[in-house]
1. Restricting attention to segment A:69-86, and to residues there that are at the interface with chain B (Cβ under 10 Å from one of its Cβ atoms) and surrounded by fewer than 18 Cβ atoms within 10 Å (Cβ to Cβ), which single residue is nearest to B:E92 (Cα to Cα)?
2. So which pairs qualify, if the first residue must be in segment B:30-49 and away from every other protein chain (no Cβ under 14 Å) and within 14 Å of B:L17 (Cα to Cα), the second must be of a type in the set (D, E, K, R) and within 8 Å of DNA strand C (Cβ to nearest atom), the Cβ gap must be under 6 Å, and the two must be at least 6 apart or on different chains?
3. Which of the residues belonging to segment A:6-29 are open to solvent by 50 Å² or more (accessible area, probe 1.4 Å), farther than 21 Å from A:N62 by Cβ and either within 12 Å of DNA strand D (Cβ to nearest atom) or in a helix (DSSP H, G or I) (or both)?
4. Quick one: in segment B:57-103, of everything that is aliphatic (A, V, I, L, M) and in a loop (DSSP other than H, G, I, E, B), which residue is nearest to DNA strand D (Cβ to nearest atom)?
5. With the condition kept exactly as written, say whether any residue in segment A:110-125 is of a type in the set (G, A, S) and either open to solvent by 20 Å² or more (accessible area, probe 1.4 Å) or assigned to a loop (DSSP other than H, G, I, E, B) (or both).
6. If a residue must be more than 8 Å from every other protein chain (Cβ to nearest Cβ), out of contact with any Lys or Arg (no Cβ under 8 Å at 6 or more places or on another chain) and open to solvent by 40 Å² or more (accessible area, probe 1.4 Å), how many such residues does segment A:87-109 contain?
7. Could you check how many residues of segment A:32-51 are farther than 23 Å from A:A2 by Cβ and surrounded by 13 or more Cβ atoms within 10 Å (Cβ to Cβ)?
8. Can A:D54 be described as within 12 Å of DNA strand D (Cβ to nearest atom), open to solvent by 30 Å² or more (accessible area, probe 1.4 Å) and within 14 Å of another protein chain (Cβ to nearest Cβ)?
Protein chains: 2
Amino acid sequence: MATMKFSRQREAIKEYLSNTKEHPTADTVYMNIRKTYPNISLGTVYRNLNLLVDQGEVIKLNGIDGSDHFDGQVKPHYHFVCNGCNRIYDLEMESIEHIDSIANKNFPGKVEGHMAYFYGTCQECLE
Amino acid sequence: MATMKFSRQREAIKEYLSNTKEHPTADTVYMNIRKTYPNISLGTVYRNLNLLVDQGEVIKLNGIDGSDHFDGQVKPHYHFVCNGCNRIYDLEMESIEHIDSIANKNFPGKVEGHMAYFYGTCQECLE
DNA sequence: TTGTTTATAATAATAATTACTATTATTTGA
DNA sequence: TCAAATAATAGTAATTATTATTATAAACAA
């Protein structure tokens, strides 16, 4: 039944993600973990990122640009993408869950949720 | 200044998209246009889809799955993705533009818009 | 009709991600 | 403690979606 075994590489990835506010791509994770594990392979990074996502320890963000981004903060929250610097910020805000009921009103099926992110210009790029 | 020249392939793509309620990928467009233009190449499809998007005649949807999808309906609207059949439906609904102001409240930058889609189970898959 | 220029088909290249495989690390339990 | 069992790894190849290249063909203006 494929019991999961400990791996120091996976731990390092998890720890790296929980300590950064950036929302790195697999490749960026790879570059950073290499500082500690110079021989880690990109495939290992991808596989572990997906394992962590499956376990709910990490969130995968897609649809923002060509690559998937990963977020170590798993508490539900939204994201803001800056059109200037392309950085992704966490966005704590009051719930907008009600948009699901709005959508449900005019749709002949069952709306169960939504995916959303905001975009604009971040503080730093405004200055 | 690169004036755009007429092309029957581009016209066929535009017409195909304006007559379907599906939200096909470039590859699906390719398969369909081949019925009329058996020699059309996938590169031509991609180039014209992007040209049409640039001209505002077609909308590109990304972040739904691994591939870009194209929509011939350009009037602003939302989309619903069925978790059962993976089809993408148009979703006419009242405005939820106010979520941008909600996001703005707690973000130290300028929120200019959002990207969102809904998911759940479509009528057909519920039955 | 001819000359100029854009568009095309065919193909190659790129980028992101997943699959494969021989070797290594982790774990179990005698 | 050690050895067998098995999951994880590094390295590499393969895949998928998309964009770039280029010689030829189609569109169009004079």
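1. Only one residue fits best here, namely A:N83.
2. Here the result reads B:N48/B:R10, each pair linking segment B:30-49 to a residue that is of a type in the set (D, E, K, R) and within 8 Å of DNA strand C (Cβ to nearest atom).
3. Passing the criteria: A:F6, A:R8, A:Q9, A:E11, A:E15.
4. Taking the candidates together, the pick is B:I64.
5. Initial filter on segment A:110-125 (of a type in the set (G, A, S)): A:113, A:116, A:120.
Now drop any that are not either open to solvent by 20 Å² or more (accessible area, probe 1.4 Å) or assigned to a loop (DSSP other than H, G, I, E, B) (or both), which leaves none.
No, every residue in segment A:110-125 fails to be of a type in the set (G, A, S) and either open to solvent by 20 Å² or more (accessible area, probe 1.4 Å) or assigned to a loop (DSSP other than H, G, I, E, B) (or both).
6. We begin by selecting, within segment A:87-109, every residue more than 8 Å from every other protein chain (Cβ to nearest Cβ); these are A:87-88, A:90, A:95, A:97-98, A:101, A:104.
Subsequent filtering for residues that are out of contact with any Lys or Arg (no Cβ under 8 Å at 6 or more places or on another chain) retains A:87-88, A:95, A:97-98, A:101.
Next, only the ones that are open to solvent by 40 Å² or more (accessible area, probe 1.4 Å) stay: A:87, A:95, A:97-98, A:101.
Residues flagged as more than 8 Å from every other protein chain (Cβ to nearest Cβ), out of contact with any Lys or Arg (no Cβ under 8 Å at 6 or more places or on another chain) and open to solvent by 40 Å² or more (accessible area, probe 1.4 Å) within segment A:87-109 amount to 5.
7. Residues flagged as farther than 23 Å from A:A2 by Cβ and surrounded by 13 or more Cβ atoms within 10 Å (Cβ to Cβ) within segment A:32-51 amount to 4.
8. Numbers: within 12 Å of DNA strand D (Cβ to nearest atom): yes; open to solvent by 30 Å² or more (accessible area, probe 1.4 Å): yes; within 14 Å of another protein chain (Cβ to nearest Cβ): no.
No: the conditions fail for A:D54.
The values are calculated or read from the model by the stated rules, or taken from the named source; none is laboratory data. Every value quoted in this text rests on a predicted model; they were computed, and no experiment measured them. Counting neighbours? That spans all protein chains shown, and the Cβs are built from the backbone with ideal geometry, glycine included. Please note that ligands, DNA and RNA were not included when accessible areas were found on the heavy atoms of the full protein model with its side chains. Shrake-Rupley method; radii C 1.70, N 1.55, O 1.52, S 1.80 Å.
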